[in-house]
Amino acid sequence: MEQSPLLEGTSIGSFKRIIMARIPIGVDLLDAIYEVVKRENIQKGLILMGIGALSKAIFRNLKVFPEEYPITPKDRIYFEVEKPLELVSLTGYIVPLLNGQPHVHAHFAASTVIGEAIATYGGHLEKGAITHVKAAVTIGELEGIEMGKRWVEERKTEDLWLGSEM
């Protein structure tokens, strides 16, 4: 297949199964996702949705593009909110790291009330997003898709790859 300057890789597969989990109050959301991945032995998957409530969340975002890689904590902002939050979006993927262990990469958005207005924050899901009232997550396990992590020298990090060529 002809290389495209607009894509670094593509891969085609299908859903093997869909797993939905209800998460109890007071649980770290990322830990709960890893528990589903471990319990169901998921190596490759997509986080299709997540809804519910959180009592606390830490949003991680890139603050500046670094002059040199790899990206470090000084290039990021960690924004903590500790008050009632509505989990309005959760998406991401599960891939094996170079050492074979599954890795969850997820982004989320949550809203809260400030005065008489609703404010929504979003970012990378970090440990510290604590469930409250109720929470549910759905993961689609993938099969037949070529995806994982590879070392990317340009960014000095393991990064997502798709397909047999990068």
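Considering the chain, what Rg and Dmax in Å follow from its alpha-carbon atoms?
17.2, 55
Roughly speaking, what is the centre-to-centre gap between the range 71-97 and the range 24-64 when only Cα atoms are used, to the nearest Å?
Spelled out, the Cα-based centre of one part sits 9 Å from the other.
Can you give me the long-range amide H partners of Glu146? Hydrogens built in the peptide plane at 1.01 Å from N, cutoff under 5 Å, separation of 5 or more residues or another chain.
HN-HN under 5 Å from Glu146: Ile12, Gly163.
Within the range 99-166, report the GluC sites (Glu not before Pro) that DSSP leaves as loop and that have at most 12 other Cβ atoms within 10 Å.
Filter output for the range 99-166: Glu116, Glu153, Glu154, Glu165.
Along the range 78-92, what does the Karplus equation 6.51 cos²θ - 1.76 cosθ + 1.60 (θ = phi - 60°) give for ³J(HN,Hα), rounded to whole Hz, x for Gly and Pro?
10, 10, 9, 10, 10, 5, x, 10, 9, 6, 9, 7, 8, 8, x
Check which residues have an amide H placed less than 5 Å from Glu158's amide H, if you skip close sequence neighbours.
Here the answer is Val152, since their amide H atoms fall under 5 Å of that of Glu158.
Want the number for Ala53 to Ile77: 0.36 nm per residue separation, take away the alpha-carbon distance, what's left?
Stretched fully, the Ala53-Ile77 segment lengthens by 6.4 nm.
For Cα pairs less than 8 Å apart in space and 6+ apart in sequence, what is the mean separation divided by the residue count of the chain, i.e. the relative contact order in percent?
Relative contact order here is 37 percent.
Can you list the residues, at least 5 places off or on another chain, whose amide H is less than 5 Å from the amide H of His132, using H built in the peptide plane?
HN-HN under 5 Å from His132: Gly26, Ala53, Leu54, Ser55.
I need to check one value: relative contact order of the range 65-137, counting alpha carbon pairs closer than 8 Å and at least 6 residues apart, in percent.
21 percent.
Based on DSSP loop calls and a cut-off of at most 14 other Cβ atoms within 10 Å, the longest stretch of the chain free of exposed trypsin sites (Lys or Arg not before Pro) is what?
The longest uninterrupted stretch comes out as 64-126.
What pairs in Lys38/Lys149; Lys74/Lys156; Lys56/Lys134; Lys127/Lys149; Lys16/Lys149; Lys16/Lys127 have C-alpha atoms more than 23 Å from each other?
Lys16/Lys127
What spacing in nm lies between the two simple spin-label points modelled at Asp159 and Ala117, each 7 Å away from Cα in the Cβ direction?
Each label point is offset 7 Å from its Cα along the Cβ direction, giving 3.6 nm.
Mind listing which GluC sites (Glu not before Pro) in the range 7-72 are in a DSSP loop and have 10 or fewer other Cβ atoms within 10 Å?
Listed in order of number, the matching sites are Glu67, Glu68.
Could you go through the range 16-32 in sequence order and give the Karplus-derived ³J(HN,Hα) for each residue, using 6.51 cos²θ - 1.76 cosθ + 1.60 with θ = phi - 60°, rounded to whole Hz, and x for Gly and Pro?
Values, residue by residue: 7, 6, 10, 10, 10, 10, 9, 10, x, 5, x, 10, 5, 4, 5, 4, 5 Hz.
Bear in mind these aren't lab numbers, they're just calculated from the coordinates by the rules spelled out. The model shown is predicted, which means the values in this text are computed figures rather than measured ones. FYI the Cβ positions are ideal-geometry reconstructions off the backbone, even for glycines, and counts take in every protein chain you see.
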